[in-house]
Amino acid sequence: QVQLKESGGGLVQAGDSLRLSCSFSGRIFSNNGLAWFRQAPGKEREFVAGISWRGEIAKYPESLEGRFAISRDNAQNTLYLQMDGLKPEDSADYFCAAARGSYASSDRSAYRYWGQGTQVTVSS
């Protein structure tokens, strides 16, 4: 059974940093693009960061570039999201996802497998 499990969420203050992790069990995703999405209450799920299968290409929405960094360790089947300078508007459930292909996309339909999410709350 394919499983993706996020961890590392929590309650932090504005300006703090947090690192999320996503581990895989079952099928190995070392040849798949991976990504992080987030969803705040009452809002659409939005693309946060994506990374290619070898980790050489990372992409972010312009609004998050410079504060968030995605990385992966294929040997450990783990995906990471380093978040710095957190703001209250970053509060959301964060989800990791595995793409159908080798490269990441900002399009949700490009992702076949999803984790259950981890909650991040940033207080002001």
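Values for this structure:
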{"item": "Filtered trypsin sites (Lys or Arg not before Pro), the range 1-67: DSSP coil and at most 16 other beta carbons within 10 Å", "result": "Arg27, Lys43, Arg45, Arg54, Arg67"}
{"item": "In Å², nearest 10: area of Val122 left accessible to a 1.4 Å probe", "result": "10"}
{"item": "Ratio Rg/Rh [Cα only; Rh per Kirkwood] for the chain", "result": "0.94"}
{"item": "Rounded accessible area of Ser102 (nearest 10 Å², 1.4 Å probe)", "result": "40"}
{"item": "In Hz, Karplus ³J(HN,Hα) per residue of the range 106-121 (6.51, -1.76, 1.60; θ = phi - 60°; x = Gly, Pro)", "result": "7, 8, 4, 5, 7, 10, 9, 10, 10, x, 8, x, 9, 8, 10, 10"}
{"item": "Solvent-accessible area, 1.4 Å probe, carbon plus sulfur percent, for the chain", "result": "42"}
{"item": "Accessible surface, per residue, of the chain when the full set of protein chains is kept, probe 1.4 Å, Å²", "result": "53"}
{"item": "Computed over the chain: relative contact order in percent, which uses C-alpha pairs under 8 Å that are six or more apart", "result": "36"}
{"item": "Relative contact order %, the range 1-54, counting alpha carbon pairs below 8 Å whose residues are six or more apart", "result": "30"}
{"item": "Stretchable slack from Ser109 to Ile57, in nm (0.36 nm times residue separation minus alpha-carbon distance)", "result": "16.8 nm"}
{"item": "Nearby aspartates and glutamates by direct alpha-carbon distance to Lys5 (threshold 17 angstrom, same-chain neighbours under 8 apart not counted)", "result": "Asp73, Asp93"}
{"item": "Neighbour cut-off at most 16 other Cβ (10 Å), DSSP loop, GluC sites (Glu not before Pro), the range 32-124", "result": "Glu44, Glu56, Glu62"}
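The values are calculated or read from the model by the stated rules, or taken from the named source; none is laboratory data. These numbers come from a predicted model, not from an experiment. Neighbour counts are summed over all protein chains in view; Cβ atoms, including those assigned to glycine, are modelled from backbone coordinates with ideal geometry. Ligands, DNA and RNA are excluded from the accessible area calculation, which covers all protein heavy atoms including side chains. Shrake-Rupley method; radii C 1.70, N 1.55, O 1.52, S 1.80 Å.
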